[in-house]
Amino acid sequence: MAMESEKPLIGIFGAGGFGREVMPFAYRQWHCRFELVFVETVPSRSEVNGCAVISLEEYAAHAAAEKYFSVAVADSPSRERLVQDLVLAGGRPLSVIFPNTTLYETSDIGEGAIICSNSIVSTNAAIGSHFHCNFGCYVAHDCRIADFVTFAPAVQCLGNVHIDRHAYIGAGAIIKQGTRDEPRRIGEGAVIGMGAVVTRDVPSYATVVGNPAKPLSK
């Protein structure tokens, strides 16, 4: 039986740590006009922190005329698959922008982003869809960030940095700025370790750590 609601539905996918950080702001922002729930593929509980937890099948069967979602799952390949599943279930991506953020009007941010408090996206940055920007991050001028990139807390991404799809930037990492003609490049699926200081380009699927950042020894 389809679940019934007179309100549009917002599903925060993932009731783990990050999802539980995202939900309180989403609830304060939208609970008067929307029904808010956690969504999980196979829920292990019916409620988390006072919010109902429903399955992906229940989300798909929900009778709300409008359904939205935000995927609070750090693993970006999983996040991409879940976005596809939720769109097939009738949902539309929703960006969750926390208070105390600074987003320059000259920058562009794709759909489905989560940008947490005390973060800054500066001038003329271009960010793809389903970007995770955790607490206290900085994206400087003229950066180009592709789809499904993840920033852990307190990342400092300086100017003219280009980051490809599915890259993961660890907590407290600093990426040294490039130039307009030679931007600093972080390849697809690259992993930058916690606290690393990146002074050179990082190839696709490489993992770098340390200061200055170097490839992780096998």
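Data overview
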{"read-out": "Matching residues, segment 81-103, being open to solvent by 40 Å² or more (accessible area, probe 1.4 Å), at pLDDT 95 or above and either over 11 Å from the mean Cα position of the chain (by Cα) or basic (Lys, Arg) (or both)", "value": "Arg81, Gln84, Asp85, Val87, Leu88, Gly90, Arg92, Thr102, Leu103"}
{"read-out": "Members of segment 169-194 found to be open to solvent by 40 Å² or more (accessible area, probe 1.4 Å) and not hydroxyl-bearing (Ser, Thr, Tyr), listed by number", "value": "Ile174, Lys176, Gln177, Arg180, Asp181, Glu182, Arg185, Glu188, Val191, Met194"}
{"read-out": "Residues of segment 59-76 satisfying the condition of being open to solvent by 60 Å² or more (accessible area, probe 1.4 Å) and either assigned to a helix (DSSP H, G or I) or under 19 Å from Tyr27 (Cα atoms) (or both)", "value": "Glu66"}
{"read-out": "Filtered residues of segment 104-122 (kept if within 16 Å of Phe25 (Cβ to Cβ) and surrounded by fewer than 18 Cβ atoms within 10 Å (Cβ to Cβ))", "value": "Ser117, Asn118"}
{"read-out": "Condition check for Pro203: open to solvent by 10 Å² or more (accessible area, probe 1.4 Å) and touching a residue at least 24 places away in the same chain (Cβ under 8 Å)", "value": "no"}
{"read-out": "Selected residue (only one of Ala72, Ala65 is within 20 Å of Ile114 (Cα to Cα) and hydrophobic (A, V, I, L, M, F, W, C))", "value": "Ala72"}
{"read-out": "Close pairs (8 angstrom Cβ cut-off, 6 or more residues apart or separate chains): hydroxyl-bearing (Ser, Thr, Tyr) in segment 97-117, open to solvent by 40 Å² or more (accessible area, probe 1.4 Å) and in a strand (DSSP E or B) anywhere", "value": "Thr101/Ile120; Thr102/Ile120"}
{"read-out": "Considering residues of segment 1-27 that are among the charged types (D, E, K, R) and at pLDDT 95 or above only, the residue most open to solvent (accessible area, probe 1.4 Å)", "value": "Arg20"}
{"read-out": "Residue under evaluation Asn134, criteria (1) under 15 Å from Arg79 (Cβ atoms); (2) without any contact (Cβ under 8 Å) to a residue 24 or more places away in the chain; (3) buried (at least 19 other Cβ atoms within 10 Å of the Cβ), criterion not met", "value": "(2)"}
{"read-out": "Odd one out for Thr41, checked against (1) within 19 Å of Pro99 (Cβ to Cβ); (2) open to solvent by 60 Å² or more (accessible area, probe 1.4 Å)", "value": "(1)"}
{"read-out": "Subset of segment 9-58 [in a strand (DSSP E or B), under 20 Å from the mean Cα position of the chain (by Cα) and among the polar types (S, T, N, Q)]", "value": "none"}
{"read-out": "Test: residue in segment 140-157 that is touching a Ser or Thr at 6+ places or on another chain (Cβ under 6 Å), at positive phi and crowded, with 19+ Cβ neighbours inside 10 Å", "value": "yes"}
{"read-out": "When residues of segment 207-218 are limited to those that are aliphatic (A, V, I, L, M) and touching a strand residue (DSSP E or B) at 6+ places or on another chain (Cβ under 6 Å), the one surrounded by the fewest Cβ atoms within 10 Å (Cβ to Cβ)", "value": "Leu216"}
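The values are calculated or read from the model by the stated rules, or taken from the named source; none is laboratory data. Just so it is clear, the model here is predicted, and its values are computed rather than measured. Heads up, the Cβs are rebuilt from the backbone with ideal geometry, glycines too, and the neighbour counts pull from every protein chain shown. Ligands, DNA and RNA are excluded from the accessible area calculation, which covers all protein heavy atoms including side chains. Shrake-Rupley method; radii C 1.70, N 1.55, O 1.52, S 1.80 Å.
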